[in-house]
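Bear in mind that the values in this text are calculations on the coordinates, not laboratory data. Here the structure is a predicted model, which is why all the values come from computation and not from measurement. Here the Cβ is made from the backbone with ideal geometry for all residues, glycine too, and neighbour counts use every protein chain on show.
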Amino acid sequence: MIPIAMPFLENAEAEAAHQAVLSGWVSQGPQVAAFEREFAATVGAPHACAVSNCTTALHLALLAVGVGPGDEVITASHSFIATANAIRYCGATPVFVDIDPTTYNLDPRCVAEAVTERTRAILAIHQMGMPCDLHALMAVANRHDIALVEDAACAAGSQIRIDGQWERIGRPRGQIACFSFHPRKVITTGEGGMLTTSDPECDRKFRLCRQHGMSVPDTVRHGSRQVIFEDYLVIGFNYRMTDVQAAVGRKQLERLPDLVSRRRAIAASYAELLGNIDGVALPVEPEWARSNWQSYCVRLPNRVDQKAVMQSLLNQGIATRRGIMCSHREPPYSSEKQHHDLRQSELAQDNSILLPIYTQMTEDDVARVANALRRELRQ
Ligand SMILES: *Cc1c(COP(=O)(O)O)cnc(C)c1O
C-alpha cells in the first residue's frame, strides 16, 4: 500500500520527547521557547509564537489585527475548512473569492474586486505549500489599508522571491503568518502551530491570549525568588503547545531542508513521468515560487470520472485524495449567499486528485503511482 502521506519521525524525535517527559516540565516551557527562537531564525521572522495548532493560530492572528463582529475577511473557499472557521470564531464574515486555476491560490484581481468598507483583512493561503502571489496581495492590502494574514499551514520550507531576493514563507510580508505541524504537513509535532510576525505588539497579544490572558507566565513565576501575583488582563484561551511537542518540533525543524529537497525531487519525477498526457494539467510553480510540495495535485481531463480513478488506484494499493475542499459547499457555509463567482474553486475540487508524496517514498513508488495513473487515463 502506498499511503497519501506519512510523517518522517525517527529516533531523534523519540529521544527528544523522552527527555522532555523526564525533565519534569511538560507543558509550555523551555522547549517551546527554544522551538520559537529556532523557527523564527529559520524563516527569518523577528518573532515566533507557538500554539496548539494552526486553527488556533489563525484565530489569534485575526483577533490581533482587530477582526471582530460585523467585519468581512476576504479569503478562498477552496481551502481546508479551518481557514473559514477561524473567521467565524471572531464573529466576522468570510467573503469567499475565486482562485487562479493554475496555482490553486487566491486570484489577486478577485480579491481587489471584493473589497468593501467593511473589509478588515485578507486571509491568503499558501495552498498545498505553493506560495500565493504575496506581492500582488500586499499591494491590494496596502491600497485599502487592510491587514494581510497568511494561512501558511502547509508552507513551512516554501520559498518566495520578493524584490529579487529568495526568502522563506513566514518572513513577515503580511502582518502575520500561521503554520501547522499536523502530521499531514511537511514537519509535525502531532498537533501544533506557530505564528510569525515582525510586530512586537502582535506577538505580545499572541502570548497573552494563548495562556488565558495571564499577565505573568507560569515559567516566570516558577523561576522567581519573589512571590508574584498574576493578573488576567483579557479573556484568553488555552492554546498552548506542550514542551513534549516542541522538543519533537526542534528535531523536525533540523530536518526541514532535507525533507523539502526530497519532496522537490519527487515532484520533479512526477512532472517527468506524467508529462504530455492529453487533458492533464500538472501543478506549476510560478518563476518566483519554490513549493515545499506539501501536496501534489493533478488536474484530470474533464471526461474522466474522478471518483472512479481514485477507486481504481485504491484497488491497486495507491491512496489518493480528491482536490482541496470548498467550504461554501459545506453545511455551515452553504446557506450563505455567495457574492462572488467560485467556478474555478469548484472545478478544482471536482477535477483534481492529490497523489502520494512523502519523504520515504522511493523512486519505484513514484513510478508505480505514475504508471497506474497513466493506465487509468489511457481511454
Ligand atoms: C491543515 C490546515 C489548517 C489547519 O491546521 P491545524 O494545525 O490542523 O489546525 C488550516 N489551513 C490550511 C490551509 C490547512 O491545510
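Shown is the FRET efficiency for N302 and R375, computed with R0 = 30 Å from the Cβ-Cβ distance and rounded to the nearest 0.05: 0.95. If you count the DSSP beta bridges with both ends in the stretch 109-176, what percent of them are antiparallel, to the nearest 5? Of the beta bridges lying entirely in the stretch 109-176, close to 35 percent run antiparallel.
Here is the list for the stretch 191-279: chymotrypsin sites (Phe, Trp or Tyr not before Pro) lying in DSSP coil, each with at most 15 other C-beta atoms within 10 angstrom of its C-beta, are F229. Relative to the 2.2 N^0.38 Å rule of thumb, the stretch 1-138 has a C-alpha radius of gyration ratio of 1.29. Counted over the chain, the DSSP beta bridges are approximately 60% antiparallel. With the convex hull drawn around the C-alpha atoms of the stretch 256-378, the volume per residue stands at 145 Å³.
What does the charge add up to near S352, with Lys and Arg as +1, Asp and Glu as -1, over the other residues with Cβ less than 13 Å from its Cβ?
Local net charge: +2.
Sorted ascending by nearby beta carbons within 10 Å, beginning with the fewest, C110, C297, C132 become C110, C297, C132. Taken along the Cα-to-beta-carbon direction at a fixed 7 Å, the label points for Q311 and R343 span 3.0 nm. Quick one: if the Förster radius is 35 Å, what FRET efficiency do I162 and E272 give, using the C-beta to C-beta distance and rounding to 0.05? In this case the efficiency is close to 0.75. Hull volume per residue, based on the alpha-carbon atoms of the stretch 137-230 and their convex hull, is 140 Å³. Is the shape of the stretch 18-90 rounded, prolate or oblate, going by the alpha carbon gyration tensor and its root eigenvalues a ≥ b ≥ c, with a/c under 1.5 for rounded and a/b larger than b/c for prolate? Since a/c reaches 1.5 and a/b is larger than b/c, the shape of the stretch 18-90 is classed as prolate. When the Gaussian network model of the chain links Cα atoms closer than 10 Å, the mean-square fluctuations of S77, S335, S198 top out at S335. Our estimate of slack between T102 and D199, defined as 0.36 nm per intervening residue step minus the Cα-Cα distance, is 31.6 nm.
Taking every Cα-Cα distance in the stretch 135-183 and sorting them into 10 Å bins starting at zero, the pair-distance distribution P(r) comes out as 25, 51, 22, 2 percent.
For the chain, find the longest principal axis of its Cα atoms and tell me its angle to the long axis of helix 306-315, 0 to 90°, nearest 10. Once rounded, the angle reads 90 degrees.
The modelled label-to-label distance between R143 and A33, using points 7 Å beyond Cα along the C-beta direction, is 4.5 nm. Taking all Cα pairs closer than 8 Å and separated by 6 or more residues, the relative contact order of the chain comes to 24 percent.
Calculated FRET efficiency, A14 to T219, Cβ-Cβ distance, R0 = 22 Å: about 0.30 to the nearest 0.05. Take the Kirkwood radius over Cα pairs of the chain, plug it into Stokes-Einstein at 10 °C and 1.306 mPa s, and you get 74 µm²/s for translational diffusion.
With neighbour counts taken as other beta-carbon atoms within 10 Å, the residues E272, E150, E13 rank, fewest first, as E272, E13, E150. Using a Gaussian network model of the chain with C-alpha springs under 10 Å, which one of R329, R303, R207 is most mobile by mean-square fluctuation? Residue with maximal mean-square fluctuation among R329, R303, R207: R303.
In order along the stretch 338-355, the Karplus-derived 3J(HN,Hα) couplings, from 6.51 cos²θ - 1.76 cosθ + 1.60 at θ = phi - 60°, round to 8, 8, 10, 5, 10, 4, 5, 5, 5, 4, 5, 5, 7, 10, 10, 10, 9, 9 Hz, and Gly and Pro are given as x.
Taking the alpha carbon gyration tensor of the stretch 72-228, multiplying each eigenvalue by 5 and rooting it gives semi-axes of 30, 18, 16 Å, largest first.
Put in line by how crowded their Cβ is, counting other Cβ atoms within 10 Å and starting with the fewest, L134, L106 read L134, L106.
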